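Working notes for the structure below.
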Amino acid sequence: MSKIKKEVEEALSCVESGQTILVGGFGLIGAPLTLIDGLTKKDVKELTIVSNNLGEPGKGLGILLNQNKIKKGIGSYFTSNRDVGDKYQKGEIELELLPQGTLAESLRAGGSGLGGYYTTTGVGTNLAKGKEEREIDGVTYLFEKAIRGDVALIRAHKADRLGNLVYYKTARNFNPLMATAANTVIVEVDEIVEPGQLDPEEIVTPHLYIDSIIVAQQILTKEGVVFR
């Protein structure tokens, strides 16, 4: 069965209300803008979004936020979008703040089949509240649970028809980690090529992780988001 989907709606058919969705990107860089746009048009609500940030005002995940489809955000850099703070102050969204390295490691743990791990990051701060602490060799650690999602929406540069992925520079960010940590993984790419056309040394995400592939319809440029 081909993993390539011609319509965004078909690719997102597995997304349901109440799910935990992993969304790649750092700001808008490496964010799956076409898939996010499709999600804004889908009748879903009460979503938990795991992402470095919740888009920017009126852009990317920021649109989904303003549609009140996000119940909870788990991420590191919510201040990139003032709307997030406003909604939090009004009690309209739950937020779980994780240091960026902790977010990455929690996703890696989820993709590796681990239940969690111990880290010194956050010890003695407000981020430690409610978390298990353990002393190991005289050092205090926090226990952080692994993160897994029902669905991951990620962005890559190229895919072959099997689903092997290569990424473009820093647009790689959280995408490869998220590809390993969800039950269903949907990727949007700039280009789909035939098997054998990708240099094996460049492949970061093997095809076994990928369920659906679409060609990106929205591209981030210096001038902003443009449509193909």
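Here are a few things to note about the model shown:
- Flag if Gly115 is within 17 Å of the chain's Cα centre (by Cα) and either crowded, with 17+ Cβ neighbours inside 10 Å or under 30 Å from Leu208 (Cα atoms) (or both): no
- If you go through the stretch 87-112 and pick out every residue that is in a helix (DSSP H, G or I) and surrounded by 13 or more Cβ atoms within 10 Å (Cβ to Cβ), you end up with 13.
- Positions within the stretch 118-130 being outside any strand (DSSP E or B) and either of a type in the set (S, T, N, Q) or buried (at least 16 other Cβ atoms within 10 Å of the Cβ) (or both), in sequence order: Thr120, Thr121, Gly122, Thr125, Asn126, Leu127
- Within the stretch 1-20, considering residues that are of a type in the set (Gly, Ala, Ser) and farther than 26 Å from Tyr77 by Cα, the one least open to solvent (accessible area, probe 1.4 Å): Ala11
- Hits in the stretch 21-47 (condition: farther than 12 Å from Met178 by Cβ, open to solvent by less than 10 Å² (accessible area, probe 1.4 Å) and assigned to a strand (DSSP E or B)): Leu47
- Pick from the stretch 86-119, criterion of a type in the set (Gly, Ala, Ser) and in contact with a strand residue (DSSP E or B) (Cβ under 9 Å, 6 or more places away or on another chain), ranking: farthest from Asp150 (Cα to Cα): Gly101
- In this structure, Val50 qualifies as crowded, with 24+ Cβ neighbours inside 10 Å, farther than 21 Å from Ile219 by Cβ and at pLDDT 95 or above.
- Residues in the stretch 60-79 that are open to solvent by 30 Å² or more (accessible area, probe 1.4 Å), within 23 Å of Lys41 (Cβ to Cβ) and touching a strand residue (DSSP E or B) at 6+ places or on another chain (Cβ under 9 Å): Lys71, Lys72.
- Within the stretch 152-203, the residues that satisfy the criterion of being in a helix (DSSP H, G or I) and open to solvent by 10 Å² or more (accessible area, probe 1.4 Å) are Lys169, Thr170, Ala171, Arg172, Pro176, Leu177, Thr180.
- Of the residues making up the stretch 78-108, those that are closer than 17 Å to Asn175 by Cβ and free of Cβ contacts under 8 Å to residues at least 40 places away in the same chain are Gly101, Glu105.
- Residue tally, condition part of a strand (DSSP E or B) and not hydroxyl-bearing (Ser, Thr, Tyr), over the stretch 48-79: 10
The values are calculated or read from the model by the stated rules, or taken from the named source; none is laboratory data. The structure presented is a predicted model; accordingly, all values stated were derived computationally and were not measured. With ideal geometry, Cβ positions are generated from the backbone for all residues, glycine too; neighbour counts draw on all protein chains shown. Protein only, heavy atoms only, side chains kept; ligands, DNA and RNA dropped before computing areas. Shrake-Rupley method; radii C 1.70, N 1.55, O 1.52, S 1.80 Å.
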